[in-house]
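Single-structure report; data block below.
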Amino acid sequence: MTRIIAGRAGSLALAVPDAGTRPTSDRVRESLFGALESQGLVQDAAVLDLFAGSGALGLEAVSRGAASADLIEKAPRAAAVAERNARAIAKAAPGAAVRVHRTAADAFLRAATSTFDLVFVDPPYDLDEGTLTTTLGLLVARLGDTATVVIERATRSGAPTLPAGLALGRSKKYGDTTLWWAVAP
């Protein structure tokens, strides 16, 4: 079962799509958000969750004090689950703006005008490196001055190729999953 770990909606169970997604484990999310909060990166942040699936990463941020979260998911079933989870979070954490966009990550980034403080990029593990690099390149224009980007990939994939405008900050391995942190250089 996937759940919100902490914050105003702590322990709230989240629905997950029946197929086609790989939710970030509770253990990884707990560690990730502990690190983000210790650096003051969540409170009042404008959050972008690309390849959102159930929306667990963006919704965890809202539960912990983010001002807003935009969840981007093109798969219809997963987007419907993210919308259901967003409604549940809205009841538990009123005041935060949560929007689900049923579109591809690149299409959203090309059309967006907002900037974001904290971005989660959790594509399918089989997404090729060139496609990921293109998405990250589009993302650069949507980042706030002190934005942090967290990229989740299979450990076997190695570090992502970052475009100009992003530099690798650190990484943390959790078995088959590795999180890479990127920042504006």
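The values are calculated or read from the model by the stated rules, or taken from the named source; none is laboratory data. Predicted model, so just to flag it, every value in this text is computed and none were measured. Cβ coordinates were reconstructed from backbone atoms using ideal geometry, including for glycine residues, and neighbour counts include every protein chain displayed.
Table: residues versus (1) assigned to a helix (DSSP H, G or I); (2) charged (D, E, K, R); (3) over 23 Å from Leu136 (Cα atoms).
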| site | (1), (2), (3) |
| --- | --- |
| Asp18 | no, yes, yes |
| Ser31 | yes, no, yes |
| Gln43 | no, no, yes |
| Leu48 | no, no, no |
| Ala61 | yes, no, no |
| Pro94 | no, no, yes |
| Leu109 | yes, no, no |
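Annotation: of all residues in region 28-44 being touching a helix residue (DSSP H, G or I) at 6+ places or on another chain (Cβ under 7 Å) and without any contact (Cβ under 8 Å) to a residue 40 or more places away in the chain, the one that is farthest from Thr2 (Cα to Cα) is Phe33.
For (1) under 26 Å from Asp26 (Cβ atoms); (2) at pLDDT 95 or above; (3) over 13 Å from the mean Cα position of the chain (by Cα); (4) not β-branched (Val, Ile, Thr), each residue gets a yes or a no:
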position: Phe116; (1), (2), (3), (4): yes, yes, no, yes
position: Leu138; (1), (2), (3), (4): no, yes, yes, yes
position: Gly158; (1), (2), (3), (4): yes, no, yes, yes
position: Arg170; (1), (2), (3), (4): yes, no, yes, yes
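Annotation for region 45-58: no member residue is surrounded by fewer than 16 Cβ atoms within 10 Å (Cβ to Cβ), closer than 18 Å to Thr2 by Cβ and small (Gly, Ala, Ser). Every residue in region 52-64 that is at pLDDT 95 or above and out of contact with any strand residue (DSSP E or B) (no Cβ under 7 Å at 6 or more places or on another chain), please. Those that are at pLDDT 95 or above and out of contact with any strand residue (DSSP E or B) (no Cβ under 7 Å at 6 or more places or on another chain): Glu60, Ser63, Arg64. When Leu14, Leu59, Leu41, Leu32 are screened for being more than 18 Å from Thr115 (Cβ to Cβ) and in contact with a Ser or Thr (Cβ under 7 Å, 6 or more places away or on another chain), only Leu14 passes. Summed over region 135-177, the residues that are in contact with a Phe, Trp or Tyr (Cβ under 9 Å, 6 or more places away or on another chain) and acidic (Asp, Glu) give a count of 2.
Looking across region 136-185, the residues that are out of contact with any Ser or Thr (no Cβ under 8 Å at 6 or more places or on another chain), within 17 Å of Phe33 (Cβ to Cβ) and in contact (Cβ under 8 Å) with a residue 24 or more places away in the chain come down to Thr148, Val149, Val150, Ile151. Taking first residues from region 121-135 that are loosely packed, with under 15 Cβ neighbours inside 10 Å and partners that are outside any loop (DSSP other than H, G, I, E, B) and aliphatic (A, V, I, L, M), the Cβ contacts under 7 Å between residues at least 6 apart in sequence or on separate chains come to Tyr125/Ala154. Hey, any hits in region 66-83 for a residue that's in a loop (DSSP other than H, G, I, E, B), buried (at least 18 other Cβ atoms within 10 Å of the Cβ) and of a type in the set (Ser, Thr, Tyr)? No, region 66-83 contains no residue that is in a loop (DSSP other than H, G, I, E, B), buried (at least 18 other Cβ atoms within 10 Å of the Cβ) and of a type in the set (Ser, Thr, Tyr).
For region 53-84, a residue qualifies if it is touching a residue at least 60 places away in the same chain (Cβ under 8 Å) and under 11 Å from the mean Cα position of the chain (by Cα), and the qualifying residues are Gly53, Leu57, Gly58.
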